[in-house]
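All remarks here apply to the structure that follows.
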Amino acid sequence: MYKIRTKDKVIIPIDMNVIERCTLLQLIIKNTIVEEYIDIYVDSSIFKIIIDFMNKNKSMLCEPYDSLEILFLREDEDFIRNYSTDIIIQIINGCNYLQYFFMMEVGCKCLADRLKNTDAGRYVDVGKEVKEDEEFDWISSSYSDDF
């Protein structure tokens, strides 16, 4: 059993079932020595949702795959649809980060279905933490004098 430390510093024990589905965790365990825990950049609330989904669904995708050819069970879609749009976006981001592609694809399908007839513009840049002008401060003329 391994321990995961989430972005918000919560430590969550996980079993091999979780590791087998997340390519990122597999690679970390295979290529490093895990002494205490594995740090991930996903909030604990989202990681717990992902683990809950894994416990209810055993499906995995083999790479490469075609997103348009994947068939989902209604239960898989219903699991995701129970969450708000903002949470679905966070789930998709978390699954992409962890490289757990099955749930990511289910989330993308549910999000696309939900946004079909809405103004999706309000979701642009959800979760963006750095403003574009701040992101490039290091190349400003005043900063370059130090070099």
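So here's what we get for this one:
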read-out: Unique residue being polar (S, T, N, Q), buried (at least 17 other Cβ atoms within 10 Å of the Cβ), at pLDDT 90 or above and within 27 Å of Thr23 (Cα to Cα) when the list is Asn82, Asn57, Asn93; value: Asn93
read-out: Residue list for the range 60-79, filter: within 24 Å of Ile4 (Cα to Cα) and modelled with pLDDT of 85 or more; value: Phe79
read-out: Tabulated pairs, the range 65-93, first aromatic (Phe, Trp, Tyr), second at pLDDT below 95, C-beta under 7 angstrom, 6+ apart or interchain; value: Phe72/Val106; Phe72/Lys109; Phe79/Phe53; Phe79/Lys56
read-out: Residue that is farthest from Ile92 (Cα to Cα) [pool: residues in the range 1-19 that are of a type outside the set (Val, Ile, Thr) and without any contact (Cβ under 8 Å) to a residue 24 or more places away in the chain]; value: Met1
read-out: Test: residue in the range 104-119 that is modelled with pLDDT under 85, outside any loop (DSSP other than H, G, I, E, B) and more than 27 Å from Ile19 (Cβ to Cβ); value: no
read-out: Counted residues, the range 30-50 - those being assigned to a helix (DSSP H, G or I) and buried (at least 16 other Cβ atoms within 10 Å of the Cβ); value: 5
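The values are calculated or read from the model by the stated rules, or taken from the named source; none is laboratory data. These numbers come from a predicted model, not from an experiment. Ideal geometry is used to build each Cβ from the backbone, glycine not excepted, and the neighbour counts take in all protein chains shown.
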